[in-house]
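Any read-out appearing in this document is the output of simple, stated calculations on the displayed coordinates, not a laboratory observation. Everything quoted here is computed from the prediction, not taken from an experiment. Every residue, glycine as well, gets a Cβ built from its backbone with ideal geometry; the counts of neighbours run over all protein chains shown.
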Amino acid sequence: MNFTLVQLRYFVAAARHRSMTGASRELMVSQSAISAAIAHLEREFGVQLLVRHHAKGLSLTTSGERFLAEARGLLGHADEMAASAKAFGGALRGVLTLGCADTVAPFYLPPLLAEFAERHPEVEVHMTEGEDDGLRETLLEGGCELALMYDLGNNVNGNGGGESLDGELLARIPPHVIVPPGHPLAGEKAVSLRAFTGEPMVLLDLPHNRDYFAVLARRAGISPRVRFRSRSPELVRALVAAGQGFAILNQRPATDTTYDGGRVVALELTDDLPPLPLILAQARGIRPTRRAAAFAAVCRDWFVRGRRPLRVT
């Protein structure tokens, strides 16, 4: 086959932007060079990869979607080979791009990144944060190699139930309730959700999370009266501390103090409720680079140790 890595990079950029113009700007080459590279690939492989829409950009054909996944994998490993060749017999080098869900990042990324840097100081890590759907698209578009996220049943195949991502289960995070210190149940260690029947609720209102909380309420046999909704876990905690209702959360900060100086009390739940699976996800069919495999190993070790820091001597 007569094609080059440069031509593949041009095609991947055009597919990512859905535009010759966008690819041209990113790569700082002419649109005609992008177009010629893609035309060469189409002739070489005998398939149409992109459909050109007048004044509306580009779209991928079915063959183009499959070719895009293969091209990303080949380019990723070409970059890895170049980094490895520069470090034969030496340390792992290069760039690793990680994604992480907004609600997960503050709890896990700092210690994981610190341990990864301790083990592989010459790897440069880039981060991208977002909600689960956005991270899924970023993974599929090659914007990151791995993403730390919840498997909420519609993203991941392997430990979950989607079709486009694979995920490795790292932990199962159980739900808990938070209440203000003056709540009648604040002195309890564990309660049933049914104890909050009729009370106002502050809902963490994120896509998919709200569906998960609805499942918990149905399992417990209650219909919460939602007083406030927020996409911010910290605002949810602050509203609860201010006496505006109870809330169901999964991640538990190390402190009970809110941003505005209020306090919340966390209570375990006695109900048989499903936890949230925390996974390390990647695009299906893409072989991980050595850098991605090394970060996955750090995640496994850290969670197996019970989320304790690595003792460096």
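Taking GluC sites (Glu not before Pro) in DSSP loop states with no more than 16 other Cβ atoms inside 10 Å as exposed sites, the chain has its longest site-free stretch at 189-313. Tell me which residues come under 5 Å, amide H to amide H, from G262 once H is placed; ignore anything under 5 positions away on its chain. For G262, no residues qualify. Over the chain, dividing the summed -39,500 (n - 2.57) contributions of all DSSP H runs of at least 4 residues by the number of residues returns a 222 nm mean residue ellipticity of -12500 deg cm²/dmol. Sparsely packed loop sites in region 2-34 (the chymotrypsin sites (Phe, Trp or Tyr not before Pro) outside DSSP H, G, I, E and B with at most 16 other Cβ atoms within 10 Å) comprise F3.
The Rg/Rh ratio for the chain, using Cα coordinates for both the radius of gyration and the Kirkwood hydrodynamic radius, is 1.06. Of A36, A293, A14, the residue with the greatest mean-square motion in the GNM of the chain, using alpha carbon springs below 10 Å, is A36.
For region 43-143, the set of chymotrypsin sites (Phe, Trp or Tyr not before Pro) satisfying both a DSSP loop assignment and a count of at most 15 other C-beta atoms within 10 Å is given as F88.
What you get for region 1-56, charging only the Cβ of Lys and Arg (+1) and of Asp and Glu (-1), is a dipole of about 220 debye around the Cα centre. Between E44 and V304, the distance separating the two model label sites (each 7 Å from Cα on the Cα→Cβ line) works out to 4.2 nm. When the chain is treated as a Gaussian network with alpha carbon springs shorter than 10 Å, the biggest mean-square fluctuation among G46, G198, G243 belongs to G46.
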